[in-house]
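Below you'll find the structure, written out as structure tokens, and then a few comments.
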Amino acid sequence: MMKKIKISGKKLVIKKGDITEEDTEAIVNAANSSLMGGGGVDGAIHSKGGPVILEECKKIRETEYPEGLPTGKAVITSGGNLKARYVIHTVGPVCSSGKLTEDKARLLKDAYYNSLRLASERGIKTIAFPSISTGAYRCPVEESSKIALKTAIDFLKEDRTVQEVRFVLFTDYIYEIYKKSLEELVK
Ligand code: ADP
């Protein structure tokens, strides 16, 4: 399951898969503010990437974010044993009521945008995202997918460094929703 489109000569891909297996230069972690690991995709990235990632996250906490990484911000570590050379850690909003309010929508956009900007600043050409905030953080997949895809499309139109953005979706259900949203956004 995979769909590819071109945006200003660059690639936007959606595929079903496990992001810890991706060979993009960077993969994005849907982390929590503590940066100390967690469940879901966060747990999978730390367990496959090994202890180097956590060590670097601890340093970032000590030096830059003693109170934790705020929602919508992004930081970068190496990828440890992963195929990806870097992990970009970002924190999406928590949709405790299951609703994506205007504030949460902006924070979700920030999480994608700040991850993309950080990648570009570091000269990273290929990056893979999970569906941020749609697991334990319970944001609705349909609206969240539109924000994710729109932010990536707008970014690819402007940026000169990033050449490929992949969304790596863990389930058929989430993949199908992203596919529908992408068709609506580019029609
Ligand atoms: P959040 O707390 O931001 O909601 P989760 O990790 O709970 O983060 O879920 C985010 C998304 O990541 C969910 O759609 C979940 O299905 C998905 N996911 C979980 N493990 C993986 C994985 N190995 N690769 C890609 N996506 C994953």
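Each row is one residue, and each column tells you yes or no for (1) within 11 Å of the ligand (Cβ to nearest atom); (2) of a type in the set (Ser, Thr, Tyr).
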{"position": "Ile45", "(1), (2)": "yes, no"}
{"position": "Val52", "(1), (2)": "no, no"}
{"position": "Lys58", "(1), (2)": "no, no"}
{"position": "Tyr65", "(1), (2)": "no, yes"}
{"position": "Thr71", "(1), (2)": "yes, yes"}
{"position": "Ile76", "(1), (2)": "no, no"}
{"position": "Asn81", "(1), (2)": "no, no"}
{"position": "Tyr86", "(1), (2)": "no, yes"}
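Among the candidates Ser144, Ser120, Ser133, single out the residue that is at pLDDT 95 or above and in contact with a strand residue (DSSP E or B) (Cβ under 8 Å, 6 or more places away or on another chain).
Exactly one residue qualifies, and that residue is Ser133.
Tell me, please, whether a residue that is at positive phi and among the basic types (Lys, Arg) can be found in the stretch 118-127.
Within the stretch 118-127, the first condition is being at positive phi, and the residues that meet it are 123.
Going one step further and asking which of them are among the basic types (Lys, Arg), we end up with none.
The answer is no; no qualifying residue exists.
Go through the stretch 136-181 residue by residue and tally those that are small (Gly, Ala, Ser) and surrounded by fewer than 20 Cβ atoms within 10 Å (Cβ to Cβ).
The first filter runs over the stretch 136-181 and keeps only residues small (Gly, Ala, Ser), leaving 136, 144-145, 148, 152, 181.
Restricting the remaining residues to those that are surrounded by fewer than 20 Cβ atoms within 10 Å (Cβ to Cβ) gives 136.
Residues meeting the conditions: 1.
Working only within the stretch 1-33, note down all residues that are within 14 Å of the ligand (Cβ to nearest atom), assigned to a loop (DSSP other than H, G, I, E, B) and small (Gly, Ala, Ser). Matches in the stretch 1-33: Gly17, Ser33.
On the given criteria, is Leu100 more than 24 Å from Thr161 (Cα to Cα), of a type outside the set (S, T, N, Q) and in contact with a Cys (Cβ under 8 Å, 6 or more places away or on another chain)? Let's see the steps before the verdict.
Details: more than 24 Å from Thr161 (Cα to Cα): yes; of a type outside the set (S, T, N, Q): yes; in contact with a Cys (Cβ under 8 Å, 6 or more places away or on another chain): yes.
The answer is yes for Leu100.
Just so you know, in the stretch 104-157 the residues that are in a loop (DSSP other than H, G, I, E, B) and among the basic types (Lys, Arg) include one that is nearest to the ligand (Cβ to nearest atom), and it is Arg138.
Ser96 is checked against (1) surrounded by fewer than 23 Cβ atoms within 10 Å (Cβ to Cβ); (2) of a type in the set (S, T, N, Q); (3) modelled with pLDDT of 95 or more; (4) within 14 Å of the ligand (Cβ to nearest atom) and fails just one. What number does that condition carry? If we test Ser96 against (1) surrounded by fewer than 23 Cβ atoms within 10 Å (Cβ to Cβ); (2) of a type in the set (S, T, N, Q); (3) modelled with pLDDT of 95 or more; (4) within 14 Å of the ligand (Cβ to nearest atom), just (3) comes out false. Between Lys73, Lys157, the distinction of being modelled with pLDDT of 95 or more, under 16 Å from Ile7 (Cβ atoms) and in contact with a Ser or Thr (Cβ under 9 Å, 6 or more places away or on another chain) belongs to Lys157 only. Here is the figure for the stretch 13-50: residues that are buried (at least 21 other Cβ atoms within 10 Å of the Cβ), of a type in the set (A, V, I, L, M) and at negative phi total 9. Summed over the stretch 34-74, residues that are closer than 28 Å to Thr171 by Cα, in a helix (DSSP H, G or I) and more than 19 Å from the chain's Cα centre (by Cα) total 1.
Selection of the stretch 158-174 for residues being closer than 19 Å to Asp42 by Cα and either out of contact with any strand residue (DSSP E or B) (no Cβ under 7 Å at 6 or more places or on another chain) or part of a helix (DSSP H, G or I) (or both) yields Phe170, Thr171, Ile174.
So, in the stretch 81-103, how many residues would count as being in a loop (DSSP other than H, G, I, E, B) and touching a strand residue (DSSP E or B) at 6+ places or on another chain (Cβ under 8 Å)? It would help to see each step written out before you state the result.
In the first step, residues of the stretch 81-103 are kept if they are in a loop (DSSP other than H, G, I, E, B); the result is 81-85, 92-101.
Filter once more, keeping what is touching a strand residue (DSSP E or B) at 6+ places or on another chain (Cβ under 8 Å): 82, 84-85, 92.
Summing the residues that are in a loop (DSSP other than H, G, I, E, B) and touching a strand residue (DSSP E or B) at 6+ places or on another chain (Cβ under 8 Å) in the stretch 81-103 gives 4.
The number of residues in the stretch 95-116 that are touching a residue at least 40 places away in the same chain (Cβ under 8 Å) and within 15 Å of the chain's Cα centre (by Cα) comes to 9.
No other residue among Lys99, Lys73 is basic (Lys, Arg) and touching a Pro at 6+ places or on another chain (Cβ under 9 Å) apart from Lys99.
The values are calculated or read from the model by the stated rules, or taken from the named source; none is laboratory data. As the structure is a prediction and not an experimental result, all values here were calculated from the model. Backbone-built Cβ (ideal geometry, glycine too); neighbour counts: all protein chains shown.
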